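In what follows, a single structure is set out as structure tokens and then discussed.
The values are calculated or read from the model by the stated rules, or taken from the named source; none is laboratory data. Because the structure is a prediction, the values reported are computed rather than measured. Don't worry about glycine lacking a Cβ; one is built from the backbone with ideal geometry, like all the others, and counts go over all protein chains shown. Note: accessible area is taken over every heavy atom of the protein model, side chains too, but ligands, DNA and RNA are not part of it. Shrake-Rupley method; radii C 1.70, N 1.55, O 1.52, S 1.80 Å.
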Amino acid sequence: MTELEELEIFSNKIRKTALDMALSSGKEGCHIGGGFSCIEIFAVLYGKILNINAQDPLNENRDRFIPSKTHCILPHFASLMHRGFISAQEINSFHENGGLLAGHPENPQIGLEFSGGSLGMGLSLGIGMALAAKKKKLSYKTYVLLGDGECNEGSVWEAFMAAAQFKLDNLVAIIDYNNMQFDGNNDNVMSISPIEKKLEAFGWEVISCSGHNINELLHALKKEPHNKPLAIIAHTIKAHGIPSLENKAESHHASLSQEDYNFVINAMKEGIYGRV
């Protein structure tokens with residue numbers, strides 16, 4: 001089996017678990033849109049890129065992953081389960097009172113480095129972790145997942161400047177560019193286009209790719225720039241693959257219907273995901 005085939009299988013495992021979690025949330029709903037836009041991003045990170053070990057979760061030289069857009073919890077929790085950090089039983093406690101997996105948890109022992117909450121904070125934290133690695137002469141890398149709507153925050157642009165100033169070539173920012181945020185289309189709310197040229201001007205190495213194409217993501221995440229941080233602009237679709245919610249702002253927090261659940265399950269069987 002090829003590396004690409006293994007990652008496609010892994011991405012569908014994440015997708016199936018995320019679907020089950022979303023369906024179990026019932027009428028209360030959960031953050032579907034921003035979770036299903038980055039299924040393949042999580043698959044490549046947790047399936048191939050991140051140097052992490054569930055048997056040694058606090059190893060000082062582990063790679064750090066910061067989901068600055070912390071509402072991507074569906075694929076995040078699913079990835080941690082399939083990497084052995086949390087159990088299937090714990091996944092079933094999602095959104096339950098007193099359960100381990102709340103909306104914005106933090107627990108490094110189960111692979112959660114960052115609790116989130118307010119948007120615009122994760123990249124600055126990632127810069128601190130990358131700087132610490134440099135000062136301690138450790139080889140770990142720090143990966144930060146940002147939403148494109150989140151990039152409206154001024155703190156993100158201060159962090160973009162700082163990362164380049166400090167020449168953090170051990171830092172990777174992945175922007176989930178689905179062109180949609182809670183209030184609607186990014187271009188109508190506050191456009192960040194052309195993000196590639198802006199980040200290059202700020203001193204970053206920049207790669208654009210399809211955020212739903214595993215091969216393109218894998219190629220981008222394996223790139224190792226010298227004396228520059230790396231930004232990957234992953235072009236995605238909000239609530240990708242879910243018919244009634246795809247590319248709609250209201251998918252940000254929504255309920256998953258049984259019909260949509262069945263549609264995605266059948267689509268996985270037909271092999272339509274992973275090489276979009």
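Quick notes on this structure:
- Every residue from the range 37-72 that is part of a loop (DSSP other than H, G, I, E, B) and among the charged types (D, E, K, R): Asp56, Glu60, Arg62, Asp63, Lys69
Residue-by-condition table, conditions (1) touching a residue at least 60 places away in the same chain (Cβ under 8 Å); (2) open to solvent by 10 Å² or more (accessible area, probe 1.4 Å):
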site: Arg15; (1), (2): yes, no
site: Gly26; (1), (2): yes, yes
site: His31; (1), (2): yes, yes
site: Gly35; (1), (2): no, no
site: Cys38; (1), (2): yes, no
site: Val44; (1), (2): yes, no
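- For beta carbons closer than 7 Å, sequence separation of 6+ or different chains, a first residue in the range 174-186 that is on the phi > 0 side of the Ramachandran plot and a second that is open to solvent by 40 Å² or more (accessible area, probe 1.4 Å) and part of a strand (DSSP E or B), the qualifying pairs are Asn179/Asn185.
- Positions within the range 229-238 being under 16 Å from Ser11 (Cβ atoms) and either open to solvent by less than 10 Å² (accessible area, probe 1.4 Å) or charged (D, E, K, R) (or both), in sequence order: Ala234
- Taking (1) buried (at least 16 other Cβ atoms within 10 Å of the Cβ); (2) more than 30 Å from Tyr261 (Cβ to Cβ); (3) not charged (D, E, K, R) in turn, Ala201 satisfies each apart from (1).
- Within the range 131-161, the residues that satisfy the criterion of being open to solvent by less than 30 Å² (accessible area, probe 1.4 Å), part of a helix (DSSP H, G or I) and within 18 Å of Phe202 (Cα to Cα) are Glu150, Cys151, Val156, Ala159, Phe160.
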